[in-house]
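Enquirer: Have a look at this one before I ask anything.
Only the coordinates and a few stated rules stand behind these numbers; no lab work does. Keep in mind that this is a model prediction, so the values were computed, not measured. Glycine also receives a Cβ, built like all others from the backbone with ideal geometry; neighbour counts cover every protein chain displayed.
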């Protein structure tokens, strides 16, 4: 690989752009393809193959007209927006960072969202719908609400349901969930949309402590990311 | 920070100081290979490395090939697995097979 190509690749990685490094395994010739903003003049079949690999987040070989090409997918980190700077969010934020995710904790209540309580975790005191709009929720973003306060949680869930977020979770008991679903129904969300909300949130592993709750939520998030409905197991 | 970004930054850092570097990439796997396609291992001319292409079972062999690639400038497509005739030497304990592409940077 030429040093110039490596520099371009590093620039894409640092600026958090999805990019595919395409290497001809016989000749060693390599180029970059941006699957969601393809450059002009690239073989459309190669662009389509890169797009497919990027969508599946799976680096793979592609048999092109000129031989076998390896498509190495580089995505920016998965993003997790935690709404509610509550106790569980402290564990969830740290664990998600260990898993390699970009975490943002959002809570307009300044008493909760303090740097002291969330050392090393990016914080925002915006209203969650504003924060979600600003960062641009995409198909590699997860949103989990944790405040139990409809004034804060509901706008976040509305924004998440209107986005391509791969995971939408809402903390709260079955009773809380039903009340929430009813409020969202009145806002016009059909059942199929409401079904996207994982609530009660997390896999049912009997989690009790905040750390265990974080493990249960992260496990469910990974499952949605890596084994989306209808996909082949990884 | 993600795995791949760590490896690429190390490659760039070595390159900047004029040290020869090669990058090894898992390009396909069969069976129960420990690391998926796309896994990266960067190696410098002194044999120092970051990242991984397996659970550790073939790293030694890949590092040796990478050092050779830095010396001769040629890229290589390597295959390791239980069916490989060198399996006794660098086989994958898990019973999988992996193909690794190794190229010099520069």
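Enquirer: For region B:3-105, what's the relative contact order in percent, using C-alpha pairs closer than 8 Å and at least 6 residues apart?
Expert: It comes to 33 percent, rounded to a whole number.
Enquirer: Taking Cα atoms, how many degrees apart are the long axis of helix A:3-14 and the longest axis of chain A, rounded to 10 and kept between 0 and 90?
Expert: That works out to roughly 10 degrees.
Enquirer: Let me ask something else. Which log10 I(q)/I(0) values does chain A give at q = 0.11, 0.13, 0.15, 0.17 Å⁻¹ under the Debye formula, counting every alpha carbon as one identical point scatterer?
Expert: Rounded to two decimals, the profile gives -0.64, -0.83, -1.01, -1.18.
Enquirer: So what's the gap between the Cα centers of region A:176-234 and region B:33-51, to the nearest angstrom?
Expert: Spelled out, the Cα-based centre of one part sits 36 Å from the other.
Enquirer: Out of every Cα-Cα pair in region A:99-234, what percent are more than 17 Å apart?
Expert: Details: 5635 of 9180 pairs.
Taking all Cα-Cα pairs of region A:99-234, the fraction more than 17 Å apart is 61 percent.
Enquirer: Can you tell me what share of the DSSP beta bridges in chain A is antiparallel? A percent to the nearest 5 is fine.
Expert: The antiparallel proportion sits near 45 percent.
Enquirer: To the nearest 0.05, how large is the calculated FRET efficiency for residue A:186 and residue B:16 if R₀ is 45 Å and r is the Cβ-Cβ distance?
Expert: 0.15
Enquirer: Follow-up. For region A:86-154, just list the percent of Cα-Cα distances falling in each 5 Å bin from zero outward, please.
Expert: Taking all Cα pairs of region A:86-154, the binned fractions are 3, 15, 30, 27, 19, 5, 0 percent.
Enquirer: For chain A, what is the relative contact order in percent, using Cα pairs closer than 8 Å and at least 6 residues apart in sequence?
Expert: Rounded, it is 13 percent for chain A.
Enquirer: Sequence gap at least 6, Cα distance under 8 Å: using those rules, report the relative contact order of region A:98-208 to the nearest whole percent. Kindly include the intermediate steps, with their values, before the conclusion.
Expert: Working: 144 pairs, mean separation 22.1, N = 111.
Normalised by residue count, the contact order of region A:98-208 is 20 percent.
Enquirer: What angle do you read, to the nearest 10 degrees and between 0 and 90, between the alpha-carbon axis of helix A:174-186 and the longest principal axis of chain A?
Expert: For A:174-186 against chain A, the angle is about 70 degrees.
Enquirer: Just the number, please: Stokes-Einstein D of region B:3-105 in µm²/s, Kirkwood Rh from C-alpha pairs, 25 °C, 0.890 mPa s.
Expert: Once the numbers are plugged in, D ends up at 183 µm²/s.
Enquirer: On to the next question. Find how much the distance from residue A:130 to residue A:174 grows on full extension, using 0.36 nm per residue of separation minus their present alpha carbon separation; answer in nm with one decimal.
Expert: 13.1 nm
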